[in-house]
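The values are calculated or read from the model by the stated rules, or taken from the named source; none is laboratory data. None of the values given here were measured: they were computed from a predicted structure. Please note: Cβ atoms are built from the backbone with ideal geometry, for glycine as well, and neighbour counts cover all protein chains shown.
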Amino acid sequence: MFLIKYIKEVFGAIRSLLVGMRLTGYYFTHHKEIITEQYPDNRDTLKLADRFKGEVVMPHDEKNEHRCTGCTACELACPNGTIKVVTKFDITPEGKKKKAIDKLVYHLELCTMCNLCIVACPSDAIVMAPTFEHSVFDRSALTKILNKPDSKIMEGVE
Amino acid sequence: MFEEIGTTSNGDLQINVGPQHPATHGVLHLVLTLNGETIKKVEPHLGYIHRSIEKMCESLSYRQFIYVTSRMDYLSAHMNNHACALCVEKGMQIEVPERAQVIRVIMDELTRIASHELWWGAMAMDIGAFTPFFHSFREREKINEIMEETCGARLTMNYYVPGGLMADLHPDFQKKVKEFIIQFKQRIDEYDQLVTGNIIFQNRMKGVGILSKEDAVSYGCTGPTARGSGLSSDIRKLYPYAVYGKVEFEEILETGCDSFARYMVRIREMKQSIRIIEQLIDQIPEGDFQAKTKAVLKLPKGEFYTRVETARGELGVYIVSEGATTPYRIKFRSPGFSNLSALDSMARGSKLGDLVAMMGTLDLVIPDIDR
Amino acid sequence: MWSLTDITGRLDQWLNQTFSSTWVLVIEMLIAGVAVIGLFAALGLVLVLMERRVAAWIQIRLGPNRVGPFGLLQSLADTLKLLVKEGMTPSGADKFLFNFAPYIAMMVAMLLMAPIAFAKNFQLWDLNIGVLYISAISSIMVISILMAGWASNNKYSLMGAMRSGAQIVSYELSAGLSVLTIVVFSGSLNVTDIINSQADGWWIFKGHLPAWISFVIFIIAVTAETNRAPFDLAEAESELTAGFHTEYSGMKFALFFLAEYINVFIVCALGAILFLGGWMPFHIGHWEAFNHVMDYVPSSIWFFGKTFFLIFLIMWFRWTFPRLRIDQLLNLEWKYLLPISMFNILLATAIAILGWHF
Amino acid sequence: MGNEDLKILITELLPAATYDESGEWLNIVVEPASWPAFAAQLRNHESLQFDYLFCLTCIDWKTNLSMVYHLSSTRYRHNIVVKSTLSADQPQINTVCDIWKTAELLEREVYEMFGVNFLNHPDLRLLILPDGWEGKNPMRKNYEDPINMIKL
């Protein structure tokens, strides 16, 4: 009886090994299963999800206008001081002073892509862009000014 | 620290495992006292990735502090966020919409599967089989893609906010999850063929790293580590949160107390997670994904404790509020810290190779231990 | 038919006509030495590439595909990288032994080339105890590993070396016994005689059960002897970081790395010679036409085909199985493989005496 | 067992205990001196069996420190919170790691982060902070790190 049990054990062991080898053998011969993404060769076809949180950008329309009122809601919402809003006062045609942004400084190197500023923004002026190739040789290149030069606030955005 | 390590007076060998070692998956530093191959003592030295998240949170508002907790146990980021969101909701008495609760549960379970996938691959690699790592990452990648589509990130999503979710589901979410379920069910059998049934693997795992039920309680072990010792500790069953009380699933208990039992708990848990997702994926109720909350959250004066079941065990969030916009003191009871404390008693008397198997089945995530 | 024998024969003839016999010996030894080193390098490159490809395909990856067409030049690029890397010697190390150990590993691998018959009548040294010679020399490998582990002055290295010592010495036994089974069948220790005894069928076919058992044991034992997964405890990446070669870098590491692959080749070649008939073509009984077609395939192709099949088998093991623990490894040898192979050799002897094999 | 029942039972064990029921669980405030004996009773009492210490931490109230022990029973599934007030200058309390083994590492963490001295602890050393750490305890409210502190 002992011998039968022993032989059974040995055969069971060998069988379990062969089962594993059959699986790896299957993958060895079936190259269709290969899942390697050949980045950066596939850069042209690579499409990230629309919601991918890569960096904060401020969309401008064709008239070089943005929607930012300079309310600093994003600056307050940010947990790590990534955003600094520098405001100035514009003179409206009626002669009133109106608050507007001078520049919206964004420190990509501090950003954790938590999306809190986007949620906080009351006028949807900033959005997350699905970019991810952020590496630069000089860290100062990561400090960005989101509003384009000479851009204005869009009509009707308060 | 390194100078004092050498040979002890009675001829035992002391070696450093970590902070940079292939088996510690991070910066865990263990000082082993060895007699030949036999382990006499394991002493953890922590702090290599300590960011003092608890102190950081004291200066962040209740909306802001949630994102930091994704960085604790980065493999169960959703669950960490869930615990924090629940704690704030408890303090503010916010009623979370049903839709948000269901989505949270689905996301939690997907994260749990992803975490166990990674554990499975990494543990098999510790044992010396390299192929499972790649095979498990194939399925994990699918979950990451689903997460990326809805939450906008793959690992540190920050998708939960106090009162619900940050954004609604992506339109393709349900379709993709269903596809994933079909694919995953086929793959999980392959896991058994490749690793679970393998005689070498079973011999490496069975009878190794014995953690008795009494020890598991005393060391505060939770999650699959405790359930492998037959200790019922699933927060989802014991203190149901979100919609866990309404779905059917089994709390996996194994009584083997060894590494193989802990292994089997996680493998079976993945199947239970699939079961939960299957029940909910077609039942996501319509409605708001977020409750109306005030712009500035202020927790009333008092103490609030919530716990959730992460992939590693019980995560407790203990907020002490003084009525301000920031927590006065916040404590994260992390599952990894307690599970690690049991390692010494498990490892004594076993071989060096077993230590790797034990660390593998404890599923240690170092930022979770160090916080 | 194009054959290696013709080339070597003509070369020998020409040399004998041109020079005196002493010079012929010197020149032929030089040529053989260069050929061995060349084969060495070529084998190293090919096997490393093969291993990476096998691993990649099993792991649903593409594998090396950047350097050269289909990544064929990848191992050349690796070699270049290793050559230009700094070869560090730790300050606490025993410098002489530390630097000497890789060369011993290399020398052992080179010495093992001598009695291997690469094709019909193409052999460096047809000595009458060829199989014994291989068994004896391959044991010296352990010295280089022990030396490397000791001289590194690193605890991981030392533990790896000690593991390796226990492992190689143990598995030498069952590898030797399974080799002995075939020696019993063929009645000779000479490599040429063993191959010639398989002209009417390989030993794996005509040796019945004992040949099968000894083949399986041989494959397991040589996998262990060459320190390859699932028996790679001497390196055991997740336990001992890199085992005995933790402190080695650059070309010194590359020599260990190369020696490992050459050893795999040698033991697989030995397996092919003993069990699969070496360069003997595949013949089936009285199928004259089929046998004739088989004879047309050059003998070197047969030899390398069989050897690479066995190498692939060992690679397949490596990328499928987890690693054993040290006590399980020794249990397997002393409680399973050794008793079985002892019993097996009795069985083989009985069969050989009774003349039951074909 | 509900909070009320627990309260009655615990009052029997430790008449000096004071209670605070503002939270979800029963909060018991004990004197540091009576804590070790009381902890053993909580652990071993037949109908309490608080065998699972799931959270051990400390709160710095500037004027004093407060140790907080969250206890649960894996048999009865009831929870309590035990608190003990320590002085801010020389905080010390007896260890509980002989009762709940998990406390060993948790107390070491509290020791270095808050400077609480756990009496009779077998191995009270720095766990997270680097060896040779001198100066204040990082989690105290009065801690300032001039180099690494990020102020927003």
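Residues considered: C:Leu124, C:Leu177. Of these, the only one that is modelled with pLDDT under 85 and closer than 30 Å to C:Pro281 by Cα is C:Leu124. Considered as a group, the residues in the range D:65-75 that are under 9 Å from the mean Cα position of the chain (by Cα) and facing chain B (nearest Cβ under 10 Å) include one that is farthest from B:Glu322 (Cα to Cα), and that residue is D:His70.
From the list B:His82, B:His50, B:His135, B:His45, pick out the single residue that is at the interface with another protein chain (Cβ under 10 Å from one of its Cβ atoms) and crowded, with 24+ Cβ neighbours inside 10 Å.
Working: B:His82 fails: at the interface with another protein chain (Cβ under 10 Å from one of its Cβ atoms); B:His50 fails: crowded, with 24+ Cβ neighbours inside 10 Å; B:His45 fails: crowded, with 24+ Cβ neighbours inside 10 Å.
Just one listed residue meets the conditions, B:His135.
So which residues in the range C:333-350 are within 20 Å of C:Asn227 (Cβ to Cβ), modelled with pLDDT of 85 or more and crowded, with 16+ Cβ neighbours inside 10 Å, if there are any at all? Quick ask: steps written out before the conclusion?
Let us first name the residues in the range C:333-350 that are within 20 Å of C:Asn227 (Cβ to Cβ), namely C:333-334, C:336-338.
After this cut, where a residue has to be modelled with pLDDT of 85 or more as well, the list is C:333-334, C:337-338.
Selection gives C:Glu333, C:Leu337, C:Leu338.
Any residue at all in the range C:287-298 that is touching a Lys or Arg at 6+ places or on another chain (Cβ under 9 Å) and small (Gly, Ala, Ser)?
If we filter the range C:287-298 for residues that are touching a Lys or Arg at 6+ places or on another chain (Cβ under 9 Å), which is where we start, we get C:298.
If we keep only those that are small (Gly, Ala, Ser) too, we end up with none.
No, every residue in the range C:287-298 fails to be touching a Lys or Arg at 6+ places or on another chain (Cβ under 9 Å) and small (Gly, Ala, Ser).
In this structure, does B:Leu165 turn out to be aliphatic (A, V, I, L, M), touching a helix residue (DSSP H, G or I) at 6+ places or on another chain (Cβ under 8 Å) and free of Cβ contacts under 8 Å to residues at least 60 places away in the same chain? Spell out the reasoning first.
On the way: aliphatic (A, V, I, L, M): yes; touching a helix residue (DSSP H, G or I) at 6+ places or on another chain (Cβ under 8 Å): yes; free of Cβ contacts under 8 Å to residues at least 60 places away in the same chain: no.
Answer is no for this residue.
All conditions in (1) within 17 Å of the chain's Cα centre (by Cα); (2) more than 14 Å from chain B (Cβ to nearest Cβ); (3) buried (at least 23 other Cβ atoms within 10 Å of the Cβ) hold for C:Ile182, with the sole exception of (1). Here A:Arg51 passes the criteria (1) assigned to a loop (DSSP other than H, G, I, E, B); (2) at the interface with chain B (Cβ under 9 Å from one of its Cβ atoms); (3) without any contact (Cβ under 8 Å) to a residue 24 or more places away in the chain except the one numbered (3). Condition check for A:Leu18 on (1) touching a Ser or Thr at 6+ places or on another chain (Cβ under 8 Å); (2) part of a helix (DSSP H, G or I): one failure, at (1). Take the conditions (1) modelled with pLDDT under 80; (2) buried (at least 18 other Cβ atoms within 10 Å of the Cβ); (3) of a type outside the set (A, V, I, L, M, F, W, C); C:Gly285 misses just one of them, which is (2).
Would you mind stating whether A:Cys111 is part of a helix (DSSP H, G or I), under 30 Å from A:Asp150 (Cα atoms), within 18 Å of the chain's Cα centre (by Cα) and more than 8 Å from every other protein chain (Cβ to nearest Cβ)? Criteria not met by A:Cys111.
Go through the range C:301-329 and count every residue that is within 11 Å of another protein chain (Cβ to nearest Cβ), in a helix (DSSP H, G or I), out of contact with any Gly (no Cβ under 7 Å at 6 or more places or on another chain) and of a type in the set (A, V, I, L, M). Adding up the residues that qualify gives 3. Tell me the residue from C:Leu43, C:Leu11, C:Leu25 that is touching a Phe, Trp or Tyr at 6+ places or on another chain (Cβ under 9 Å) and assigned to a helix (DSSP H, G or I), please. That would be C:Leu43, the only listed residue that is touching a Phe, Trp or Tyr at 6+ places or on another chain (Cβ under 9 Å) and assigned to a helix (DSSP H, G or I).
When the range D:37-64 is limited to residues that are surrounded by fewer than 18 Cβ atoms within 10 Å (Cβ to Cβ) and more than 13 Å from chain B (Cβ to nearest Cβ), the one that is nearest to B:Ser338 (Cα to Cα) turns out to be D:Ala40. Every listed requirement among (1) within 11 Å of chain D (Cβ to nearest Cβ); (2) surrounded by 18 or more Cβ atoms within 10 Å (Cβ to Cβ) is met by B:Asp234 save one, (1). Determine if the range C:79-100 includes at least one residue that is within 26 Å of C:Val267 (Cα to Cα) and in a loop (DSSP other than H, G, I, E, B). Checking the range C:79-100: not a single residue is within 26 Å of C:Val267 (Cα to Cα) and in a loop (DSSP other than H, G, I, E, B).
Would you pick out the residues in the range D:7-22 that are in contact with a strand residue (DSSP E or B) (Cβ under 9 Å, 6 or more places away or on another chain) and over 27 Å from B:Glu322 (Cβ atoms)? Before you say what the answer is, go through the steps one by one.
Our first condition is that a residue be in contact with a strand residue (DSSP E or B) (Cβ under 9 Å, 6 or more places away or on another chain); within the range D:7-22, this holds for D:7, D:10-11, D:14, D:16-22.
Matches in the range D:7-22: D:Ile10, D:Thr11, D:Leu14, D:Ala16.
Identify, please: which residue in the range C:126-158 is more than 17 Å from the chain's Cα centre (by Cα) and assigned to a loop (DSSP other than H, G, I, E, B) and is, among those, farthest from C:Lys252 (Cα to Cα)? Per the stated criteria, the residue is C:Asn128.
Among helices (runs of 4 or more DSSP H) lying entirely in the range B:296-371, which contain 1 or more residues that are more than 14 Å from chain C (Cβ to nearest Cβ), among the aliphatic types (A, V, I, L, M) and in contact with a His (Cβ under 8 Å, 6 or more places away or on another chain)?
Details: elements: B:335-341, B:343-347, B:352-362, B:366-370.
Ranges flagged: B:366-370.
On the basis of being out of contact with any helix residue (DSSP H, G or I) (no Cβ under 8 Å at 6 or more places or on another chain), within 12 Å of another protein chain (Cβ to nearest Cβ), free of Cβ contacts under 8 Å to residues at least 60 places away in the same chain and not acidic (Asp, Glu), does A:Tyr26 make the cut? Steps first, please.
Details: out of contact with any helix residue (DSSP H, G or I) (no Cβ under 8 Å at 6 or more places or on another chain): yes; within 12 Å of another protein chain (Cβ to nearest Cβ): yes; free of Cβ contacts under 8 Å to residues at least 60 places away in the same chain: yes; not acidic (Asp, Glu): yes.
So A:Tyr26 passes the test.
When D:Trp100 is tested against (1) more than 22 Å from B:Arg333 (Cα to Cα); (2) facing chain B (nearest Cβ under 9 Å), just one condition goes unmet, and that condition is (1).
Which ones in the range B:207-222 are touching a helix residue (DSSP H, G or I) at 6+ places or on another chain (Cβ under 7 Å) and either closer than 15 Å to D:Trp100 by Cβ or within 12 Å of chain D (Cβ to nearest Cβ) (or both)?
Of the residues in the range B:207-222, the ones touching a helix residue (DSSP H, G or I) at 6+ places or on another chain (Cβ under 7 Å) are B:208-211, B:215-216, B:219-222.
Of everything in the range B:207-222, those that are touching a helix residue (DSSP H, G or I) at 6+ places or on another chain (Cβ under 7 Å) and either closer than 15 Å to D:Trp100 by Cβ or within 12 Å of chain D (Cβ to nearest Cβ) (or both) turn out to be B:Leu211, B:Asp215, B:Ala216, B:Tyr219, B:Gly220, B:Cys221, B:Thr222.
Condition (residue is within 24 Å of the chain's Cα centre (by Cα), within 14 Å of chain D (Cβ to nearest Cβ) and not hydroxyl-bearing (Ser, Thr, Tyr)) applied to the range B:197-204: is it met by at least one residue? No, the conditions are met nowhere in the range B:197-204.
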